[in-house]
Amino acid sequence: MISEQGRILERLLSGDFICEISDEDGWRYLKQSANFEAVDQYLATLNRSLSSAADGQVFFAAYRTLGDSERKVLSSQFQEIAAGLLPLVEWLLLVQQSSGSDVPVTQGSTIRSNELQSTIEDTPAYKEQLAKIARYRLFNSNSVEVVGQLNLVFKRLTELGYLMKPNPDKLIYIATGKIDYLYEVLRFIDETEALSLAEQAESAIQQGSLL
Amino acid sequence: MNQNLHQAGVKLLNALSRNADLIMQVYLSGTLHESEASPGVIDNLKKLGVLWRPEPGAPLRLKKAIRNLLEGSLHDERNRQIDTNIGSALASLKTLAQHYKEALHNHRYAEAQAHLNDLAEHVYALAESLANSVRTLFSRINNEFGYVASIDAKIRENELAQSQVSELLSQLEMFRFDELSEVAGGLRELRHLLVVALQQSFSRCTQELSMAQSRLLELLGRFREFRGRTRLLKGFLLHMEQQPDFVPANYANHSQVPALFNLAKPLLQPAAVDVNRVDHEQDLLLLVGRIKALHRTEKPHDEERNAQAIDVESQGQVELDDKAIHQAVEAYFCEVIDTGKRLTALQYLTSQALEFDPEVWIYQVIGGYQGLAEEDRQYFALEPEIEDHPIFTGNKIVRDVELGLR
């Protein structure tokens, strides 16, 4: 039998994000500072270290020292993240707007794909938005039906680890901590590039230009 | 008088129960649609003080007292009003306590009892209103201000609730238990009411209020977080609309890579099977058993079994070159006719120095004779020169044929 530590190491080394939703036991385990240290020590052998983001909501494996090859990997990874930002942001806003509760999707939010589907089908503006999102390279859908587009988007997001489907028979998805990581990335870019995104949005709202 | 009051109360309550549907409908919708009820019923309810018309021309509404009764008993969370007027309640408590003490001092016990009842009523009412206020606050917190949709509205509601909490807390500071105990003096009943009962409800209330306050702050933080995130998302979208070619600098190339973007590459691949491990044997056997019996042994590569290009073309026609021999047979027949002499086939063959095999030639001559039309054949006579087979009796061998005219 594999130990809890071994299981967590395996997930980390497979490139998974560990959060309360995707792996509650593992997340609680890593929350203990002694366990955190131990896992970090193991990872050190492989030039990796245990890293956390979004106020300790997610854990993942990072490189310990960066050589040229590591930098190359990080660079291509970053390009992937940057390319995926816009479709993901549009998707998050679509879900938020169509849910009607005005609450952003965060770790632990449940999304019922059939409810989402019926709302989108009833609202031409959402339909257009979804079609636009599904055409991005991240999702790369060529379906013209809402169902096909939605299914593909959900499938891709589950593959990428942003969503989880706790019960394979039910059309209910739960957002994982990786969504919170995404917000963190946005916030970081906002701060580093001095975009002042929140202020832009606020002034747009005050000017009444609806997004 | 008391009897009258009793009767009037019963009448009022009966009227309420008779018109329960109507009253609940008014309670839920806020106003009465006068067309839906008969004028007699409406007049009656107006007279009893259940319904009233705030302004001429305005629709009829429920009286505040009835509304309060319903809100209180139904624990309806729509009630968002909090009575924070504790100061005046305290003042009236003190006044009533003075009345009671004075009556007691003058030995007017009946009057004193009445004052005490009144005072008890007030104390309990104050305690109840405090408990109610806290309860409504909590019900709003528990459903996270679910009655308003947008986050901004939730934040406003939260701020209102916070101000109500601090108002309540500052009002609670007006409880001066040293003063109250002085007022109560040595009187047991008064002390019980003013000090014990009030203090109990006071401590419960302050405790719950401080909890409510922290929950409210927590909620406010969450709402602000939500709002921040929404703005972040919308702001990013706006920014991308304005500068569609925006690409963040590649932070991975910085000398200090931010921890956020330091994601190690997936490393682990599935492990391979180790067939030499004894403790895995059972599982491996199971796996092997599940493999369908397909014996596809790898065959050695066979060049000739390879598919080859096939040329499909029309076959050259094979022509039997039987013309020469036919002509020779015809010439032979003509020779016989021309000379009118008998001539054997082999003699003709040698005389003409033809290159046919003698056996084939003889066959062809016999065939040529048989192939003639019946009337033509009558002009010829064909006589074979036959000898017996040397070993097998009964078998004849045609050595030659002689052709002559009849």
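Residue pairs whose Cβ atoms lie under 9 Å apart, sitting 6 or more positions apart in sequence or on different chains, and linking a residue in region A:37-56 that is more than 14 Å from A:Leu13 (Cβ to Cβ) and at the interface with chain B (Cβ under 8 Å from one of its Cβ atoms) to a partner that is charged (D, E, K, R) and surrounded by fewer than 20 Cβ atoms within 10 Å (Cβ to Cβ), are A:Ala53/A:Glu184. Meeting the requirement of 3 or more residues that are closer than 30 Å to A:Pro124 by Cα, the helices (runs of 4 or more DSSP H) wholly within region A:1-111 are A:68-99.
Which of the residues spanning region A:63-83 are crowded, with 19+ Cβ neighbours inside 10 Å and within 19 Å of A:Ile189 (Cα to Cα)? Selection gives A:Leu74, A:Phe78, A:Ile81.
Apart from one condition, B:Arg229 fits all of (1) at pLDDT 85 or above; (2) exposed (fewer than 12 other Cβ atoms within 10 Å of the Cβ); the exception is (2). It is to be established whether one or more residues within region B:324-337 are modelled with pLDDT of 70 or more and exposed (fewer than 10 other Cβ atoms within 10 Å of the Cβ). For region B:324-337, residues modelled with pLDDT of 70 or more and exposed (fewer than 10 other Cβ atoms within 10 Å of the Cβ): absent. The residues in region B:236-291 that are exposed (fewer than 10 other Cβ atoms within 10 Å of the Cβ) and either of a type in the set (Lys, Arg) or facing chain A (nearest Cβ under 8 Å) (or both) can be counted, and the count is 1. Would you call A:Leu9 under 30 Å from B:Val247 (Cβ atoms) and touching a Leu at 6+ places or on another chain (Cβ under 9 Å)? For A:Leu9, the condition - under 30 Å from B:Val247 (Cβ atoms) and touching a Leu at 6+ places or on another chain (Cβ under 9 Å) - is not met.
The condition of being within 30 Å of A:Arg187 (Cβ to Cβ), surrounded by fewer than 16 Cβ atoms within 10 Å (Cβ to Cβ) and of a type in the set (S, T, N, Q) does not hold for B:Gln199. Just one of the listed residues (B:Ser210, B:Ser214) is over 37 Å from the mean Cα position of the chain (by Cα) and either more than 30 Å from A:Leu195 (Cα to Cα) or basic (Lys, Arg) (or both), namely B:Ser210.
Counting only residues that are touching a helix residue (DSSP H, G or I) at 6+ places or on another chain (Cβ under 8 Å) and among the β-branched types (Val, Ile, Thr), region B:365-382 holds 1 of them. Restricted to helices (runs of 4 or more DSSP H) entirely inside region B:1-107, those with at least 1 residues that are at pLDDT below 80 and over 28 Å from B:Glu121 (Cα atoms) are B:20-29. Would you call A:Glu121 of a type in the set (Asp, Glu) and touching a strand residue (DSSP E or B) at 6+ places or on another chain (Cβ under 8 Å)? Judged against the criteria, A:Glu121 is not a match.
Looking at region B:136-156, is at least one residue within 14 Å of chain A (Cβ to nearest Cβ) and on the phi > 0 side of the Ramachandran plot? Yes.
The values are calculated or read from the model by the stated rules, or taken from the named source; none is laboratory data. Note that this is a predicted model, so its numbers are computed, not measured. Ideal geometry is used to build each Cβ from the backbone, glycine not excepted, and the neighbour counts take in all protein chains shown.
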